[in-house]
Amino acid sequence: MIERFDAIVVGAGQAGPPLAGRLTAAGQTVAVVERKLIGGTCVNTGCIPTKTLVASAQAAHLARRGADYGVETGTVSVDLAKVKARKDAIMLDDRKGVEDWLDGMDGCTVFRGHAQFEDPHTLRVGDALLRADRIFLNVGGRAVVPDIPGLTDIDYLTNVSILELDTVPEHLVVVGGSYIALEFAQMYRRFGAKVTVVEKGPRLASREDGDVSDTVRSILENESIDIVVDAADIRITKVDNGFELTPRAGAAPIAGSHLLLAVGRRPNTDDLGLDRAGVDTDSRGYITVDDQLKTNVDHIWALGDCNGKGAFTHTSYNDFEIVAGNLLDDDPRRVSDRITAYALYIDPPLGRAGMTVEQVRKSGRPALVGQRPMTKVGRAVEKGETQGFMKVVVDAETKQILGAAILGVGGDEAIHAILDVMSAKAPYTTLARTMHIHPTVCELIPTMLQDMSPLQ
């Protein structure tokens, strides 16, 4: 027997539940299907648990630096079982909040199981057949497991399984040099593990400008994290007490106790039966969508990590806002209207908005650039956190801000002062003439903007 709904939402991550809430509030009946955990990546294995762990790692790091502030703390140790218990409690409370919301939502029925298309309007979930006029796919992504010789001979960790550790590794080797890899590397170094980062390319955080990448590396190396780049031919050999990883031919092997793979993500689209619905994907498996997140099939939309338009909680939630605006509010919102924005949660963090300086340089447009080291930010000096810098690039003709990076204490928050001006399409001079509160990191952004020079 087929159960009929006005809409089916596949996936209960950051876009699915709020969309179900808007649709049911509009009087529609909605089926929400989730095969794993309500709340998706962010709540269960992403932002919430990892940033909780980052906070514990930062507390340990600050305690060890107590003498720098005239505070005697004695020997500092980390009980990872207690750290994990704190993380679990926060994560489970957040998950329960989303579960309770969906379960108590009038007009919403939650199905637990794996959804697959039977035809463009019908999905099978276990023994149930669900049919709807509109279908929204919010199925997320998962870690890529690379084809590394010898990998299948050992146990390895991903961003999901590492969250279950309750003892500190002796030597954590992290394969990957991007955002997830670097956050875990610093975190576990602060927990007390020896840590080595192995990156295939020539530098860490390769999407960033070279000066940002170099400073990120310096921050990590200052905490005795070993960095290996140009690891073009990684091979792994199992040994009695762990493994040995050889980064390239002729290089000395790295002996490790735990291996974390953090080399990228892939969309959960390969087992949905998309071909039976006629939904197109690109060469990497991401569902192809237009500027309003509709697929090539008129009644099917794709939101969140599975559409390749962003890999963050905030982009997924904004996908919901775009779809809801267009369907329910007569508000023609578009993906192309939003500005690239994200953070790297090492400590100090990197806040990013818009284009990199290198992207602006390649565009060939005339531009101005400003930069200020955190050593010249009073708030950073007071807090004893002077690593990093802030920089901004603007269009020399329109005076609009094109992009910015704040790598330093409070950078993940301060970047929003710039992001909001970019969103308003106001000239950078508006921010340059704004009085900010002292003492803050943000107060030096106008000062930086008052001292711009041509981009060479």
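The values are calculated or read from the model by the stated rules, or taken from the named source; none is laboratory data. What you are looking at is a predicted structure, and each value in this text was computed from that prediction instead of being measured. Methodologically, a virtual Cβ is constructed for each residue, glycine included, from the backbone with ideal geometry; neighbour enumeration extends over all protein chains shown. SASA here: full protein model, heavy atoms, side chains in, ligands and nucleic acids out. Shrake-Rupley method; radii C 1.70, N 1.55, O 1.52, S 1.80 Å.
Numbers for the structure displayed
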| quantity | calculated |
| --- | --- |
| Residue within the range 124-147 that is of a type in the set (Gly, Ala, Ser), assigned to a helix (DSSP H, G or I) and open to solvent by 40 Å² or more (accessible area, probe 1.4 Å) present | no |
| Top-ranked residue in the range 280-300 [being not charged (D, E, K, R) and not in a loop (DSSP other than H, G, I, E, B); ranked as surrounded by the most Cβ atoms within 10 Å (Cβ to Cβ)] | Ile287 |
| Given (1) closer than 28 Å to Thr167 by Cα; (2) more than 24 Å from the chain's Cα centre (by Cα); (3) in a helix (DSSP H, G or I), number of the condition Arg22 does not satisfy | (1) |
| Test: Ser224 is out of contact with any strand residue (DSSP E or B) (no Cβ under 9 Å at 6 or more places or on another chain), open to solvent by less than 80 Å² (accessible area, probe 1.4 Å) and of a type in the set (Ser, Thr, Tyr) | no |
| Only listed residue being free of Cβ contacts under 8 Å to residues at least 12 places away in the same chain and either assigned to a loop (DSSP other than H, G, I, E, B) or under 30 Å from Val360 (Cα atoms) (or both), chosen from Ser224, Ser213 | Ser213 |
| Selection status of Gly310, touching a Pro at 6+ places or on another chain (Cβ under 7 Å) and in a loop (DSSP other than H, G, I, E, B) | no |
| Yes/no for Ile225 being touching a helix residue (DSSP H, G or I) at 6+ places or on another chain (Cβ under 6 Å) and at pLDDT 95 or above | yes |
| Evaluation of Glu321 against (1) part of a helix (DSSP H, G or I); (2) within 18 Å of the chain's Cα centre (by Cα) (one fails), failing number | (2) |
| Near pairs, Cβ below 6 angstrom, 6+ apart or cross-chain, from the range 276-303 (acidic (Asp, Glu)) to any residue that is open to solvent by less than 70 Å² (accessible area, probe 1.4 Å) | Asp280/Thr288; Asp282/Thr288; Asp291/Val335 |
| Enumeration of residues in the range 372-383 that are in contact (Cβ under 8 Å) with a residue 24 or more places away in the chain and out of contact with any strand residue (DSSP E or B) (no Cβ under 7 Å at 6 or more places or on another chain) | Lys376, Val377, Gly378, Arg379, Ala380, Glu382, Lys383 |
| Hits in the range 233-245 - residues which are within 30 Å of the chain's Cα centre (by Cα) and under 11 Å from Ile148 (Cα atoms) | Asp233, Ile234, Arg235, Ile236, Leu245 |
| Residue selected from the range 428-451 under the condition of a type outside the set (A, V, I, L, M) and closer than 16 Å to Arg379 by Cβ, by the criterion surrounded by the most Cβ atoms within 10 Å (Cβ to Cβ) | Cys442 |
| Set Gly210, Gly201, Gly192, Gly176: member being on the phi > 0 side of the Ramachandran plot and open to solvent by 10 Å² or more (accessible area, probe 1.4 Å) | Gly192 |
| Residue check, Lys87 open to solvent by less than 40 Å² (accessible area, probe 1.4 Å), among the basic types (Lys, Arg) and under 26 Å from Arg265 (Cα atoms) | yes |
| Tabulated pairs, the range 21-49, first closer than 20 Å to Thr313 by Cβ, second among the charged types (D, E, K, R) and part of a loop (DSSP other than H, G, I, E, B), C-beta under 8 angstrom, 6+ apart or interchain | Asn44/Lys36 |
| Hits in the range 238-256 (condition: open to solvent by 80 Å² or more (accessible area, probe 1.4 Å) and in a strand (DSSP E or B)) | Lys238 |
| Arg235, sole failed condition from (1) more than 25 Å from Leu123 (Cβ to Cβ); (2) touching a helix residue (DSSP H, G or I) at 6+ places or on another chain (Cβ under 8 Å); (3) surrounded by fewer than 22 Cβ atoms within 10 Å (Cβ to Cβ) | (2) |
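Condition check ((1) open to solvent by 30 Å² or more (accessible area, probe 1.4 Å); (2) in contact with a helix residue (DSSP H, G or I) (Cβ under 9 Å, 6 or more places away or on another chain); (3) touching a residue at least 60 places away in the same chain (Cβ under 8 Å)) across all residues:
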{"site": "Asp347", "(1), (2), (3)": "no, yes, yes"}
{"site": "Met355", "(1), (2), (3)": "yes, yes, no"}
{"site": "Val360", "(1), (2), (3)": "no, no, yes"}
{"site": "Pro366", "(1), (2), (3)": "yes, no, yes"}
{"site": "Gly370", "(1), (2), (3)": "no, yes, yes"}
{"site": "Glu385", "(1), (2), (3)": "yes, yes, no"}
{"site": "Gly388", "(1), (2), (3)": "no, yes, yes"}
